[in-house]
Amino acid sequence: MPELPEAETICRSLRPRIKGKLITDIKLLWPSLLKGSGAEDLERWKEARLVQIRRRGKMILFDSDRGETMLFHLKMTGQLYLCSEKEPLDKHIRLILRFEDGKLELRFRDPRKFGYIKIFETLKEREVQPLAQLGPEPLELSLSAFLTLFKKPKGKIKPLLLRQNFIAGLGNIYSDEILYRARINPKKLVPFLSKPELVRLYKAMIHVLGEAIKLRGTSVRNYRDGLGKIGSFQNHLRVYGREGLPCYRCHQPIRREKIGGRSAFFCSQCQTL
Ligand SMILES: [Zn+2]
């Protein structure tokens, strides 16, 4: 699933090409893509101008000059990219937006169909789910605000990092990579994390997310940026997807375990309990 760095990369690749442009045509090829909105809500976007393209957590938001926002949640296999109108359509394309210059069109492609779009008044953003419950943006958190977040939670650290209402934008890949770099076991209980461990966790989070954005995301499955290109952070993964392979630090085999229903990759020697 695209996480924060992938959603950010998609926004950055789309922004210079379609921000400020007028939408001239919309084709909805799979009506269930709209969640809590009807086809008439989408219809209002014809002849609307895109004034901003931004990200919140793992989601991508388009703002129109009519005071409305279109939220894209890519979920498991969603892709949002620009391509030529001449490029053949496949059966997984769910939505197409066309723009005034007619050169490139935006396609929402999603084989597994878990992704969705939602339309709402921009001013009501804080009341709309899942935005209403979303936790803070990790790259906007100060160290002291980050430390404060950890005062109350009780469970294991890995499932906590995945909770979007705790911190927005982290998923299975980056939570594993961050915990490895911070040398914290994913099963460690939050109340037992020392202050130096939490400081390491914060630094690792800022570092990993920053590097992943710089390298334009991780393409381990079907993630592509807003121009259909793959990212390159998959070449820098230290634990995710490396079960049985030697740890880059201590050469012990990387382990994979289910923690809170999700698989976690870690090194039991570098990340002791
Ligand atoms: Zn190790």
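Kindly indicate whether residue 224 is within 16 Å of the ligand (Cβ to nearest atom) and surrounded by 16 or more Cβ atoms within 10 Å (Cβ to Cβ).
Taking the combined requirement at face value, the residue does not satisfy it.
How many residues are of a type in the set (D, E, K, R) and near the ligand (Cβ under 9 Å from one of its atoms) if we restrict to region 241-254? Walk me through it before giving the result.
Filtering region 241-254 for residues of a type in the set (D, E, K, R) gives 242-243, 249.
Keeping just the survivors that are near the ligand (Cβ under 9 Å from one of its atoms) gives 249.
Total meeting the criteria: 1.
Are any of the residues in region 121-142 in the same structural domain as residue 208 (by TED's automatic domain parsing), among the small types (Gly, Ala, Ser), within 30 Å of residue 271 (Cβ to Cβ) and outside any loop (DSSP other than H, G, I, E, B)?
no
Only one of (1) crowded, with 20+ Cβ neighbours inside 10 Å; (2) of a type outside the set (D, E, K, R); (3) over 21 Å from residue 36 (Cα atoms) fails for residue 88. Which number is that?
(1)
Could you grab me the full set of residues in region 21-45 that are more than 20 Å from residue 101 (Cα to Cα) and without any contact (Cβ under 8 Å) to a residue 40 or more places away in the chain?
31, 38, 39, 40
Would you say residue 234 is farther than 21 Å from residue 4 by Cα and of a type in the set (S, T, N, Q)?
Details: farther than 21 Å from residue 4 by Cα: no; of a type in the set (S, T, N, Q): yes.
It is false that residue 234 is farther than 21 Å from residue 4 by Cα and of a type in the set (S, T, N, Q).
Take the conditions more than 27 Å from residue 13 (Cβ to Cβ), of a type in the set (A, V, I, L, M, F, W, C) and modelled with pLDDT of 95 or more and apply them to residue 149. Does it pass? Spell out the reasoning first.
Values: more than 27 Å from residue 13 (Cβ to Cβ): yes; of a type in the set (A, V, I, L, M, F, W, C): yes; modelled with pLDDT of 95 or more: yes.
It is true that residue 149 is more than 27 Å from residue 13 (Cβ to Cβ), of a type in the set (A, V, I, L, M, F, W, C) and modelled with pLDDT of 95 or more.
Could you tell me whether any residue of region 200-214 is within 16 Å of the ligand (Cβ to nearest atom), in contact with a helix residue (DSSP H, G or I) (Cβ under 6 Å, 6 or more places away or on another chain) and not in a loop (DSSP other than H, G, I, E, B)? Can you show your working first?
First pass over region 200-214, keeping only residues within 16 Å of the ligand (Cβ to nearest atom): 200, 204.
This time we only want the ones that are in contact with a helix residue (DSSP H, G or I) (Cβ under 6 Å, 6 or more places away or on another chain), so: 204.
Then keep just the ones that are not in a loop (DSSP other than H, G, I, E, B); that gives 204.
Yes, the conditions are met somewhere in region 200-214.
For residue 257, state whether it is part of a helix (DSSP H, G or I) and either within 16 Å of the ligand (Cβ to nearest atom) or assigned by TED's automatic domain parsing to the domain that holds residue 150 (or both).
On the way: part of a helix (DSSP H, G or I): no; either within 16 Å of the ligand (Cβ to nearest atom) or assigned by TED's automatic domain parsing to the domain that holds residue 150 (or both): yes.
When the stated conditions are applied, residue 257 does not pass them.
Report, ordered by the first and then the second residue, all pairs with beta carbons closer than 9 Å, sequence separation of six or more or different chains, a first member in region 196-222 that is closer than 18 Å to residue 142 by Cβ and touching a residue at least 60 places away in the same chain (Cβ under 8 Å), and a second member that is charged (D, E, K, R) and in a helix (DSSP H, G or I).
205/181; 209/8
Exactly one of (1) more than 16 Å from the ligand (Cβ to nearest atom); (2) in contact with a helix residue (DSSP H, G or I) (Cβ under 6 Å, 6 or more places away or on another chain) is unmet by residue 238. Its number?
Just one mismatch for residue 238, condition (1).
The values are calculated or read from the model by the stated rules, or taken from the named source; none is laboratory data. It should be emphasised that the depicted structure is a prediction, and the values quoted were computed from it without experimental measurement. Virtual Cβ from ideal backbone geometry, glycine too; neighbours counted across all protein chains shown.
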